[in-house]
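To keep things clear, I will list the structure first and then write my remarks on it.
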Amino acid sequence: MPSILLVKTSSLGDVVHNLPVVSDIRRARPDAVIDWAVEEAFTAIPALHRGLRRVIACAPRRWRRSLWRPSTWGEIGDLRAVFRDGAYDAVIDTQGLLKSALIACQAPGVRHGLDWRSSREPLRWAYDRTYSVPWGRHAVERNRSLVAQVLGYTVDGPPDYGIEAPAFPPAEADDDSPVEEQRPWLEAVQRYAWLPSGSYMVLLHGTSAERKLWPDHQWKKLAAHFGGAGIACLLPWGSAEEHDRSTRIAKDVPNAVVPPRLGLHTLSGLLGKARCVVGVDTGLVHLAAALRRPTVGIYVATDPAATGVYAGPHAADVGTGKEVPSMAMVLAAISRVAT
């Protein structure tokens with residue numbers, strides 16, 4: 001029974017792009033035991049895949065800011081202890097960055113990674129064996145190719161992300177159950193009072209770089225287009241700046257809803273029930289596509305060829321990173337994926 005540790009720590013989109021690797025291993029090596037080391041902020045995503053034994057949280061971003069603290073070294077020691085318990089036959093770093101290589105080096109077992117021509121950083125020193133994966137392929141296929149070479153199988157067929165959305169909103173309580181048992185459900189219903197009763201779209205306007213933003217007035221027109229047809233448009237947010245933008249877009253737009261701030265697990269459930277998801281170059285767009293929802297990615301400043309939405313006919317990319325996609329282009333893409 002081979003024991004395998006996957007190391008893909010961040011970002012959200014990169015983590016989503018690594019999910020098909022787990023499905024591939026499960027098909028090729030059904031008896032394999034698979035763990036995944038990931039940034040603590042993103043553990044909710046690999047946890048959706050039933051093919052994993054454990055999702056192991058690590059915190060290289062936080063540790064880098066506090067290396068002088070004894071508590072940081074205590075956490076790193078705890079991580080090493082967890083890895084030792086895994087007794088891995090193969091440690092596979094599919095990220096190919098210094099931070100992921102350093103995590104891989106904490107685990108016992110033969111370490112595998114990209115060769116110097118295939119990665120953005122020279123990391124040959126960190127691995128026992130390295131492999132060539134051509135640039136120019138989508139990130140999903142690069143991940144799949146690397147792991148297939150390590151474990152000696154052939155990548156076959158389209159990617160299977162292997163995840164299901166968590167239940168959303170909470171399931172209803174039995175009317176005949178005691179009042180005490182119904183109370184948690186009633187509290188949950190109150191928390192989700194903002195959720196529309198009918199179908200809804202999710203508009204993901206937030207992204208990590210300002211140059212990737214689609215103009216507010218375009219989002220407003222898009223929300224008004226569907227809101228006027230009676231379809232609610234939800235505008236999730238993750239920062240104060242994004243909350244302000246959601247509020248501006250939703251102002252005076254029928255059926256536009258700004259929900260409270262939601263955690264990643266809850267957002268997964270929200271996306272998984274959406275009629276369609278439209279968003280800029282952000283990890284949540286890739287998550288929606290992985291959950292098999294009709295998804296449109298809007299690419300204003302980045303080329304989607306290598307890291308665009310990649311999930312078959314229910315997903316589409318708009319733009320090439322050289323222009324601001326028009327409303328007509330976005331509406332045409334929505335029509336293609338949502339019918």
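For the reader, a short list of remarks on this structure follows.
- Relative contact order %, the chain, counting alpha carbon pairs below 8 Å whose residues are six or more apart: 14
- Comparing S199, S71, S268 in a Gaussian network model of the chain, where Cα atoms under 10 Å apart are tied by springs, the biggest mean-square fluctuation is seen for S71.
- Most fluctuating residue given options T43, T130, T154, as computed from a GNM of the chain linking Cα atoms under 10 Å: T154
- Cα centroid separation, segment 95-157 to segment 273-317 (Å): 25
- The trypsin sites (Lys or Arg not before Pro) of segment 273-339 that DSSP puts in a loop, and whose beta carbon has at most 13 other beta carbons within 10 Å, are K322.
- Calculated FRET efficiency for the pair H225/W116, C-beta based, R₀ 51 Å, to 0.05: 0.55
- Full extension of the chain between R69 and Y153 yields a length gain of 25.9 nm, computed as 0.36 nm times the residue separation minus the alpha carbon distance.
- Binning the C-alpha pair distances of segment 75-134 at 10 Å intervals from 0 yields a P(r) profile of 25, 51, 21, 3 %, listed from the shortest bin outward.
- A Förster distance of 30 Å, applied to the separation of the beta-carbon atoms of R61 and S3, puts the FRET efficiency at 0.65.
- Looking at segment 45-112, the trypsin sites (Lys or Arg not before Pro) that sit in a DSSP loop and have at most 13 other Cβ atoms within 10 Å of their own Cβ are R50, R53, R65.
- Between C105 and A240, the distance separating the two model label sites (each 7 Å from Cα on the Cα→Cβ line) works out to 3.8 nm.
- Ordering M1, M201 by the number of other Cβ atoms within 10 Å of each residue's own Cβ, fewest first, gives M1, M201.
- With a Förster radius of 25 Å applied to the beta-carbon distance between D252 and M329, the computed FRET efficiency rounds to 0.50.
- The dipole here belongs to the chain: it is taken about the Cα centre, uses +1 on the Cβ of Lys and Arg and -1 on the Cβ of Asp and Glu, and is about 960 debye.
- Potential lengthening between S197 and A81 on full extension [0.36 nm per residue; Cα-Cα distance subtracted]: 37.0 nm
- Around the amide H of I56, modelled in the peptide plane, lie the amide H atoms of W36, A37, V38, all under 5 Å away and 5 or more residues distant in sequence or on another chain.
Readers should treat all values here as calculations from the given coordinates under stated rules, not as data from a laboratory. These numbers were taken from a predicted model, which means no experiment stands behind them. Here Cβ is always computed from backbone atoms with ideal geometry, including for glycine, and neighbour counts include all displayed protein chains.
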